[in-house]
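Working notes for the structure below.
Computed from the coordinates by the stated procedures, all read-outs in this text should not be read as laboratory data. In this text the structure is predicted, and so the values were computed from the model without any measurement. With ideal geometry, Cβ positions are generated from the backbone for all residues, glycine too; neighbour counts draw on all protein chains shown.
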Amino acid sequence: MRHKQSSHPLNTKSPIVVLLIEDNEDDYVLLDEFLPDEFEIVWCTNANSARKHFVDPNLDLILLDHGLPDTNALVFLEEIKRHCPHLPVVVLTGNEDPALAVSAIKQGAANYLLKEEIFEHLLPVIQTVTGQTQQIPEFANLSEQIQSKTRFEESAENVYQTLLETMNEGCLLVTTNGVIALANEAAGHITDTPYDQLLGTNVSVRFDAETAVYIQSLLSELQSAQHPQTNKFEGIVVGENKHPIPVL
């Protein structure tokens, strides 16, 4: 067990006390360096050593690693909630498993985070589950930043949608395996198919054989070249002659 305490000697505010139950020291060190000084981390490497802290009235939050060495984390989560029903618990895991996330939430977890995304999402999650807003400088502008980002994304989405709908050229967004993920009305006119019926179908059934083979060859070429965007949608603009123009 190890403690991290605030480095501000003149700070009279109580720190936010986090019980971190994590057997990987590297993960502890990264978290210790990431969290602001207003946090105090109580680090335990297993469930057994963590139990004695359940009675600590100063605890604000528990971060629970899913891969504990001495017990099943979800079973231990039930035990935590029996002893500390009002204490928020955030489950951490290195594996992306939707079923695990659902199980954790059903068993009382306040939230569930992938370790690879922890530095992006942890502070907003802590703010949400603990209700802390003013004590930590990083929290002070967080809500405003999130709202600003949301407004920007909504604005960009509206501009993109308007552009797509008003294009004279047909436009399809096609996944790398050839499935049409998005289409505008002009694409429907060109393919003689209502544009909403294009969604979810493969280009091989919506275009003549020559065009479909051409599109698939483009996508295969991008995949084999390990293009940085091959894990995202590739745009295809369909000209009046029904020949596609790839758009990255």
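Take the Cα of Ser103, step 7 Å toward its Cβ, do the same at Phe34, and the gap between the two points is 2.4 nm.
Measuring from centroid to centroid over Cα atoms, what is the spacing of the range 57-99 and the range 38-53 in Å? Taking the Cα centre of each part, the range 57-99 and the range 38-53 sit 11 Å apart.
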